[in-house]
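Report on one structure; see the data block that follows.
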Amino acid sequence: MRKSLIGFGVAGVAAATVLAGCGGNDMASMQHETTTTSPPAASAQQDGHNEQDVKFAQDMIGHHQRALDMAAMVPGKSTNREVTDLGKRIAAAQEPEIKKMTEWLAKWGAAPSTSTPDTDHGAGHGTGHGSMPGMMTAEEMAKLNGATGADFDRMWLEMMIKHHQGALAMAKTEQGEGASTEAKELAEEIVKAQQAEITEMRGLLK
């Protein structure tokens with residue numbers, strides 16, 4: 001009888017120990033799950049970009065597209081080698097930038113650019129995301145398309161300077177108000193490259 005009671009007591013203690021161990025494991029598991037699920041929620045709130053970055057990408061895509069339209073006119077209108085070379089360089093620089101900004105918008109879950117050259121013509125004519133500085137109107141583009149030779153070169157250079165100045169304003173806003181490191185770095189590149197091209201174009205006009 002004594003041996004049976006002792007055996008029962010030992011078994012009871014062992015069972016209690018097992019149950020306590022399971023309870024501890026469950027608690028630890030719950031604490032682990034809570035700990036591991038918290039960081040993603042925090043990181044979702046800190047995704048590295050803000051509304052200004054989205055607006056910059058959407059608007060600059062449309063702005064760049066107008067520059068590509070203007071650059072595409074040069075081969076058939078100009079006989080000036082320097083203007084022709086500049087048009088090629090502008091297209092070569094801005095096409096990859098459009099691709100890069102389009103990829104950002106997809107990554108950020110934002111809508112593609114809704115500001116196109118024909119829906120956002122500058123102050124007082126903009127739609128979607130608001131007017132973009134330096135954009136040529138459809139009427140100005142038609143006038144440019146009707147010119148040839150030296151007249152075309154002069155008109156194209158004057159319009160492209162205005163267009164670049166608009167891009168500088170947009171890029172500087174991004175530098176001051178954006179949050180995305182990638183977008184702000186691109187804005188800095190745009191400022192440097194297009195300021196240099198403005199200086200070059202002013203020299204060609206002289």
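The values are calculated or read from the model by the stated rules, or taken from the named source; none is laboratory data. None of the values given here were measured: they were computed from a predicted structure. Backbone-built Cβ (ideal geometry, glycine too); neighbour counts: all protein chains shown. What goes into the accessible areas is simple: the full protein's heavy atoms, side chains included, and nothing from ligands, DNA or RNA. Shrake-Rupley method; radii C 1.70, N 1.55, O 1.52, S 1.80 Å.
Below are the figures for this structure:
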{"item": "Near pairs, Cβ below 8 angstrom, 6+ apart or cross-chain, from the stretch 96-114 (among the hydroxyl-bearing types (Ser, Thr, Tyr) and part of a helix (DSSP H, G or I)) to any residue that is modelled with pLDDT under 95 and open to solvent by less than 70 Å² (accessible area, probe 1.4 Å)", "result": "Thr102/Ser113"}
{"item": "Qualifying residue in the stretch 67-78 (condition: surrounded by fewer than 16 Cβ atoms within 10 Å (Cβ to Cβ), assigned to a loop (DSSP other than H, G, I, E, B) and at pLDDT below 95)", "result": "no"}
{"item": "Enumeration of residues in the stretch 138-161 that are surrounded by fewer than 16 Cβ atoms within 10 Å (Cβ to Cβ) and either closer than 20 Å to Gln94 by Cα or of a type in the set (A, V, I, L, M) (or both)", "result": "Ala138, Ala142, Ala150, Glu158"}
{"item": "Output for the stretch 171-185, where each listed residue is more than 17 Å from Gln94 (Cβ to Cβ), of a type in the set (Gly, Ala, Ser) and crowded, with 16+ Cβ neighbours inside 10 Å", "result": "Gly178, Ser180"}
{"item": "From Ala171, Ala147, residue being in a helix (DSSP H, G or I), in contact with a helix residue (DSSP H, G or I) (Cβ under 6 Å, 6 or more places away or on another chain) and of a type in the set (Gly, Ala, Ser)", "result": "Ala171"}
{"item": "Qualifying residue in the stretch 47-60 (condition: loosely packed, with under 10 Cβ neighbours inside 10 Å, assigned to a helix (DSSP H, G or I) and at pLDDT 50 or above)", "result": "no"}
